[in-house]
1. So, in segment 4-18, how many residues would count as being over 10 Å from the mean Cα position of the chain (by Cα) and without any contact (Cβ under 8 Å) to a residue 12 or more places away in the chain?
2. Going through segment 26-53 one residue at a time, which ones are assigned to a helix (DSSP H, G or I) and surrounded by fewer than 18 Cβ atoms within 10 Å (Cβ to Cβ)?
3. Does segment 54-61 include one or more residues that are at negative phi, surrounded by 13 or more Cβ atoms within 10 Å (Cβ to Cβ), in contact with a helix residue (DSSP H, G or I) (Cβ under 9 Å, 6 or more places away or on another chain) and modelled with pLDDT under 90?
4. For residue 45, are the conditions met, namely being closer than 16 Å to residue 61 by Cα and more than 8 Å from the chain's Cα centre (by Cα)?
């Protein structure tokens, strides 16, 4: 599972408003929507801000401790 898929699932499972998450993270709403759709790259700085806004660790979002997924 890609990081953006984990973030999207976290937001959806908790019934959070993506626009509110984006605002709290200091990320433009359109950028956040594109990240959740996998159309815009999520950089480390973005992930850090999103995790702080959600109150979750980056380790959880990147799937630390789970087997690596290779693509391509």
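1. 5
2. Passing the criteria: 29, 30, 31, 33, 34, 44, 45, 48, 52.
3. The first filter runs over segment 54-61 and keeps only residues at negative phi, leaving 54, 56-61.
Next, from what is left, pick out any that are surrounded by 13 or more Cβ atoms within 10 Å (Cβ to Cβ): 54, 56, 58, 60-61.
The next check asks that each one be in contact with a helix residue (DSSP H, G or I) (Cβ under 9 Å, 6 or more places away or on another chain); those that pass are 54, 56, 58, 60-61.
Within this subset, residues satisfying the condition of being modelled with pLDDT under 90 are 60-61.
Yes, there is a match, as at least one residue in segment 54-61 is at negative phi, surrounded by 13 or more Cβ atoms within 10 Å (Cβ to Cβ), in contact with a helix residue (DSSP H, G or I) (Cβ under 9 Å, 6 or more places away or on another chain) and modelled with pLDDT under 90.
4. Details: closer than 16 Å to residue 61 by Cα: yes; more than 8 Å from the chain's Cα centre (by Cα): yes.
Yes, satisfied.
The values are calculated or read from the model by the stated rules, or taken from the named source; none is laboratory data. Note that the structure is a prediction, hence the values are computed from the model and not measured. Positions of Cβ are generated from backbone atoms using ideal geometry, with glycine treated the same way; all protein chains shown enter the neighbour counts.
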